[in-house]
Amino acid sequence: MSDQAVLAGYVTSIVGSKVLATLVTAESSGSPMDAAQVDLAVQIGALVRIDTPRSSAFGVVNRLDAQQASSPPRPDQERLVEIDLFGETPWDGQDDTVLDFRRGISVFPTLGAPLYSTTDAELSKIYARPDASNVVIGSLYQDSRIPAYVMTNELLGKHFAILGTTGSGKSCALSVVLHSVLEAHPHGHIVLLDPHNEYWPAFGEEAEIIRPADLQLPYWLLNFEEMIEVLCSPDTNARDSESAILKDAILHAKRAFVSNEEDSRTLTVDTPVPYRLSALIERIDEAMGDLGKPDQMAPYLRLKLRINDLRDDRRFGFMFAGLTVKDNMTDVLSRILRIPTSGRAVSIFDLSGVPSEIVDVVVSLLCRTIFDFALWSPPEDSAPILMICEEAHRYIPRDPQDGFGPTRKAIARIAKEGRKYGVSLGLVTQRPSELAETILSQCNTLFALRMGNQQDQDFVERALPESAAGMLSCLPSLRTQEAVVVGEGVRVPIRIRFSDLEERKRPQSDTANFAQSWLEDSTSRDTIERSIDRWRRQQR
């Protein structure tokens, strides 16, 4: 970039926000050096300027083409460039003073209007610091001297998504965004679902790390759908009969625990109040004793067996362990939501050690509980909460038949209604084409990192505004640490390079170093023994 604009071509066609221009040739530009500058000015994704009768319009280079292409190309061959217009700087009608940049086009270019490269001053005006609350997350890829800003309220209040293939830097990008936000707003409330146990090094003492060994999510917080998933058989016919028994037993156990008669009358099977598993089993035994035929006992026996198995399985200790039952819901929510923050604004849930058969239930419970807490909080005392879902395609797959229904429903509810109650959603995934499109469409800011899969690119293209199409074509060639950012969180679509992270703020997401590890035989049988011990103890 420079302070001197380069004449690159002339407008030959205008269709809506799309402009077609013919580039100047080496002969018409005057010298080979000028031609090289033209080629640099109209790189895919580059910003260009076209003056209109009352403004300077800016657009992104979307496509390059050559009429009657020959091989090798002739120096005088006509070359075309397609541009997507996205904003303008109007001129004051009195003295032609250039006003501040704004999104959208009010006055379109005319045929024959010259096409110029953008200067440093113009880039600084386009990507100037917003008036609204904002944080710096990196720099403009065209010019590292120009900071890249995101607007805090628009980013957090209207949901966001970070999309990119494996190795493109999604985890580091999320860490940069969260650290930038927390440096400016240290008393945030962030809940991060971490399926691979990779974020604890990125936040250290600034986060509450919640692992299965010290996790407390009592079973009585589960709603009825979640309890069915945990306790009932997968077979549809068996599940139907077992769920009817379970519903009666849960209601009976809850009423037995609640001493207040008025509270007992308002109880439902989904009300989050404590109850004893022993009372649940007693009710099942009582109902089973009323049966006239032994062959009708099978669903009752299956439920009892499953409950006893869960109580005895130490992997499920965070949910079903303990002989005493108490109402510790305030303590549980205080820790999860970081209220008060106590110097730790992030709670990171290490899901890597949660049994695979129940991990979807845990995610459902967390998402639903966070939303319900916000829903019933007094508006004057509410604390906005950000919920981050790593590997989001696991929980909200595109096919409604896949995944766990209650988890999908809980996340969809946050996506659709969360902003009304101060609950924001952040989705991170390597396979955007496998995400539920209706939920992704609720994310009003997208960070698109490198993507090579054509299905993923097509999916993201449908989610991006038309003005960002030129930048989208760069996705396969983006370098690590680069992204295209579009949506409400930025003033205009922008291609950025994320800020460098200090070593202590980086997530533990590096690929195994095969080349280094295989140089010498450095492991031993002790390694296997330690691994087996951790495996058996279910402790990472």
(request) Work out how much length residue 13 to residue 517 would gain on full extension: take 0.36 nm times their residue separation and subtract the Cα-Cα distance, in nm to one decimal. (result) 175.6 nm
(request) Scan around residue 423 for amide H atoms under 5 Å from its own, H built in the peptide plane at 1.01 Å from N, and keep only partners 5 or more places away or cross-chain. (result) 385
(message) I want the local charge near residue 453. Using Cβ-Cβ distances under 12 Å, sum +1 for each Lys or Arg and -1 for each Asp or Glu among the other residues.
(response) -1
(message) List the residues, sorted by chain then number, that are 5 or more residues from residue 52 or on another chain and whose placed amide H is less than 5 Å from its amide H.
(response) 57
(message) How far apart, in nanometres, would the label points at residue 330 and residue 133 be if each is projected 7 angstrom from Cα along the Cα-to-Cβ direction?
(response) 2.8
(message) Give me a comma-separated list of calculated 3J(HN,Hα) values for region 124-132, in order, Karplus coefficients 6.51, -1.76, 1.60 applied at θ = phi - 60°, integers in Hz, x for any Gly or Pro.
(response) 5, 6, 5, 9, 5, 4, x, 6, 6
(message) Can you compute 3J(HN,Hα) from phi for each residue in region 4-18, using the Karplus curve 6.51 cos²θ - 1.76 cosθ + 1.60 with θ = phi - 60°, rounded to whole Hz and x for Gly and Pro?
(response) 10, 6, 9, 6, 10, x, 9, 5, 10, 7, 9, 10, x, 8, 9
(message) Run the simple label-point estimate for residue 383 and residue 285 please: 7 Å along Cα→C-beta, distance reported in nm.
(response) 4.2
(request) Provide, in order from the shortest bin, the percent of all Cα-Cα pairs of region 220-320 in each 10 Å bin, continuing until the bin that contains the maximum pair distance. (result) 15, 48, 31, 6
(request) Enumerate the calculated ³J(HN,Hα) couplings along region 110-123 in order (Karplus 6.51 cos²θ - 1.76 cosθ + 1.60, θ = phi - 60°), each rounded to whole Hz, writing x wherever the residue is Gly or Pro. (result) 9, 4, x, 5, x, 10, 10, 6, 8, 9, 4, 5, 5, 4
(request) Fewest Cβ neighbours within 10 Å first, please rank 535, 91 accordingly. (result) 535, 91
(request) Report, by chain and number, residues whose modeled amide H sits under 5 Å from the one on residue 398, excluding near sequence neighbours (fewer than 5 apart, same chain). (result) 435, 436
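Please state the charge dipole magnitude for region 220-320, taken about the Cα centre, from unit charges on C-beta atoms (+1 on K and R, -1 on D and E), reported in debye and rounded to the nearest 20.
Roughly 240 debye, rounded to the nearest 20.
With charges only on Cβ, +1 for K and R and -1 for D and E, what is the dipole size of region 385-540 about its Cα centre, in debye, rounded to 20?
620
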(request) State the label only: which of (1) 20, 54, 24, 3, 0; (2) 19, 43, 26, 11, 2, 0; (3) 19, 48, 29, 4, 0 corresponds to P(r) over Cα pairs in 20 Å bins from 0, in percent computed from the shown model? (result) (2)
(request) Take the Cα gyration tensor of region 353-485, multiply each eigenvalue by 5, square-root it, and list the three semi-axes largest first, rounded to whole angstrom. (result) 28, 19, 12
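Values in this text are rule-based calculations from the coordinates and carry no lab data. All of these numbers come straight from a predicted model, not from anything done at the bench. Glycine also receives a Cβ, built like all others from the backbone with ideal geometry; neighbour counts cover every protein chain displayed.
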